[in-house]
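Just below is one structure, and these are the notes that go with it.
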Amino acid sequence: MFDAISPDAIHSEEYQPPPPPEVSSTGYFNAYYEDGKKHFEQKDYPEAKVLFLAAIELVSETTWNQQYASLYYDLSRTLVKLGEAEEAIKELEKPLYVNPSDKELEKPLYVNPSDDLKRFRLTLLYALVGREKDAVGQYQILSERNAPLAESLQRILPTHGIALPKSASKQ
């Protein structure tokens, strides 16, 4: 089962974050992220994934910035290179329970506000595997729910040849 992209995987017994790299004044996040980008460029995708996941542990949704968006994009590209994108998509598409003990499923990705980050990740993965219609659909929902995340997608994806409609929040 693929759950390396999920928070549960990061906190599982199997996941071991790498030792901290040499830390500059920019802190651990930048060190992990920059090292991950170097490993990606060297086509060492397994190590890039580990470093990107370590950086993701330091992401704060409350202080979202474009560098975080780029990190998720780079992790998504890494998953594509590793052949893990479809499995990650399936994991993100799973319907969510309002309460884990509930037997009745809610609609996928509509349960709580933290699902916006899942929708963001799903949009990136859809776009990178060529599921443009699905990417646009998720983006449109996200643009109504979380303008900063939608704007991050508007900045990242077009620079990589993936067009999105204008954010609904700006229309």
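Quick rundown of the values:
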item	result
Pairs beyond 20 Å (Cα-Cα), from Lys43/Lys94; Lys38/Lys81; Lys37/Lys94	Lys43/Lys94; Lys37/Lys94
Nonlocal amide H pairs with Leu58, under 5 Å, H built at 1.01 Å	none
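Where a number appears in this text, it was derived from the coordinates with a stated rule and is not lab data. If you're wondering where the values come from, they're calculated on a predicted model, not measured in any experiment.
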